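Inspection log for the structure reproduced underneath, given as structure tokens.
The values are calculated or read from the model by the stated rules, or taken from the named source; none is laboratory data. For clarity, every value in this text was computed on a predicted model and none was experimentally measured. Every residue, glycine among them, receives a Cβ derived from its backbone with ideal geometry; neighbour counts consider all protein chains shown.
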Amino acid sequence: MEIKAQLNYFRVSPRKARAVAQLVVGLPVNTAITQLTFARKRSVPALVKLLKSAIANAKNNFRLDSKNLYVKEFRIDEAPPLKRHMPRAMGRATPIKKRGSHISLVLEETKPKTQEKLKNRRNKKINT
């Protein structure tokens, strides 16, 4: 089962946010929070908050245990840039793009019960 959370119009460049998000893809949720806590980037507090929001969604909406969750996907897309101008020499103005990000997070549940059942079935077949 997939659990989703989104953060839109986050004012950090997608390239900078992707560098942090790649650290935690595929990790269990508790390990991912620890990993993000020790990264020293500007986007870290927002990503941790988004991850905790997704965990809360899993607990409240689907009654899942956070021990069985892992980060399946951290997708960071480009938001519409804020366009500004900076004065330059001889009365000219140069454009500045202040970039932003749309971040979507997908958590998924590992299914230890299903894996245990498969192992038990295999063991029974091998023993007989």
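Values computed for the structure shown
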{"item": "Qualifying residue in the stretch 2-24 (condition: in a helix (DSSP H, G or I), touching a residue at least 40 places away in the same chain (Cβ under 8 Å) and touching a Lys or Arg at 6+ places or on another chain (Cβ under 7 Å))", "result": "yes"}
{"item": "Any hit, the stretch 53-73, residues being part of a strand (DSSP E or B) and farther than 24 Å from PHE10 by Cα", "result": "yes"}
{"item": "Given (1) over 10 Å from the mean Cα position of the chain (by Cα); (2) in a helix (DSSP H, G or I), number of the condition GLU78 does not satisfy", "result": "(2)"}
{"item": "Considering residues of the stretch 74-100 that are under 16 Å from ALA32 (Cβ atoms) and at pLDDT 95 or above only, the residue surrounded by the most Cβ atoms within 10 Å (Cβ to Cβ)", "result": "ILE76"}
{"item": "One residue from LEU27, LEU47 being surrounded by 19 or more Cβ atoms within 10 Å (Cβ to Cβ), out of contact with any Lys or Arg (no Cβ under 8 Å at 6 or more places or on another chain) and of a type in the set (A, V, I, L, M)", "result": "LEU47"}
